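The values are calculated or read from the model by the stated rules, or taken from the named source; none is laboratory data. Worth saying up front: this structure is predicted, and the values here are computed from it rather than measured. Cβ placement follows ideal geometry from the backbone for every residue including glycine, while neighbour counts extend to all protein chains displayed. Just so you know, the surface numbers come from the protein's heavy atoms only, side chains and all, with ligands and any DNA or RNA stripped out. Shrake-Rupley method; radii C 1.70, N 1.55, O 1.52, S 1.80 Å.
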Amino acid sequence: MDTPDLALVRLHGNNEDTWKIKGPAASDRFNYEYGDTKLEEIARRTTAIAQMTLEVQVVVNVNFEDQGIRAGRRLAQMANATWTG
């Protein structure tokens, strides 16, 4: 069985207040703060994916202030990964 070299997980967030409304900028839909409960779920899933591939990269595509950076750091901690950023 071949093992994929890379798995990419892309997180957009989901601002429920603006997700389905026509008109706001796309950036409004991605103004999302990931809570620990959601990040724990993502960490579990990402860890499971990591067992099927050589490398997993997670892109946190939320774009308000430092939401993506905070979520990425917290996710790395939860997945017992080493933060190198």
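Taking H as built 1.01 Å from N, whose amide H comes closer than 5 Å to the amide H of Phe64, not counting residues under 5 places away?
Tyr32
Using θ = phi - 60° and the Karplus form 6.51 cos²θ - 1.76 cosθ + 1.60, what ³J(HN,Hα) does each residue of segment 59-75 get, whole Hz, x for Gly and Pro?
With the stated coefficients, segment 59-75 comes to 10, 9, 9, 10, 9, 10, 6, 10, 4, x, 5, 4, 5, x, 5, 5, 4 Hz.
Name the residue, out of Gly35, Gly13, Gly72, whose mean-square fluctuation peaks in a Gaussian network model built on the chain with Cα pairs under 10 Å.
Largest GNM mean-square fluctuation: Gly35.
Could you list the square roots of 5 times each eigenvalue of the Cα gyration tensor of the chain, that is, the equivalent ellipsoid semi-axes, sorted largest first and rounded to whole Å?
Sorted largest first and rounded, they come to 26, 15, 11 Å.
As an exercise, identify the chymotrypsin sites (Phe, Trp or Tyr not before Pro) in segment 33-85 lying in DSSP coil whose Cβ has no more than 15 other Cβ atoms within 10 Å.
Numbers: sites: Tyr34, Phe64, Trp83; in loops: Tyr34, Phe64, Trp83.
Loop-located and lightly packed - Phe64, Trp83.
Using the crude model of +1 on Lys and Arg Cβ and -1 on Asp and Glu Cβ, and no other charge, please compute the dipole size for the chain relative to its Cα centre, in debye to 20.
Working: 10 positive and 12 negative charges, 26 e Å.
For the chain, the charge dipole is close to 120 debye.
By how many degrees, between 0 and 90 and to the nearest 10, does the Cα long axis of helix 36-50 differ from the longest principal axis of the chain?
40 degrees
Name the residue, out of Thr47, Thr37, Thr18, whose mean-square fluctuation peaks in a Gaussian network model built on the chain with Cα pairs under 10 Å.
The residue with the greatest mean-square fluctuation here is Thr37.
Taking the Cα-to-Cβ direction at Arg70 and at Thr3 and moving 7 Å from each Cα, how far apart do the two end points lie in nm?
In this crude label model, Arg70 to Thr3 measures out at 3.6 nm.
Return one whole number: the accessible area per residue of the chain in Å², for a 1.4 Å probe. Could the numbers behind the result be given before it?
Numbers: 6300 Å² over 85 residues.
Normalised by residue count, the accessible surface of the chain is 74 Å².
Taking amide H positions as placed 1.01 Å from N in the peptide plane, with prolines and chain starts having none, which residues 5 or more places from Ala7, or on another chain, fall under 5 Å of its amide H?
Under 5 Å from the amide H of Ala7: Glu55, Val56, Gln57.
How large a share of the accessible area of the chain, in percent, is made up of carbon and sulfur atoms when the probe is 1.4 Å and the other protein chains stay in place? Each step should come with its number before you reach the end.
Working: 3090 of 6300 Å².
Ligands and nucleic acids excluded, carbon and sulfur reach 49 percent.
Which residue fluctuates most in the GNM of the chain (Cα springs below 10 Å): Glu65, Glu33, Glu41?
With Cα springs under 10 Å in the chain, the top fluctuation among Glu65, Glu33, Glu41 is at Glu65.
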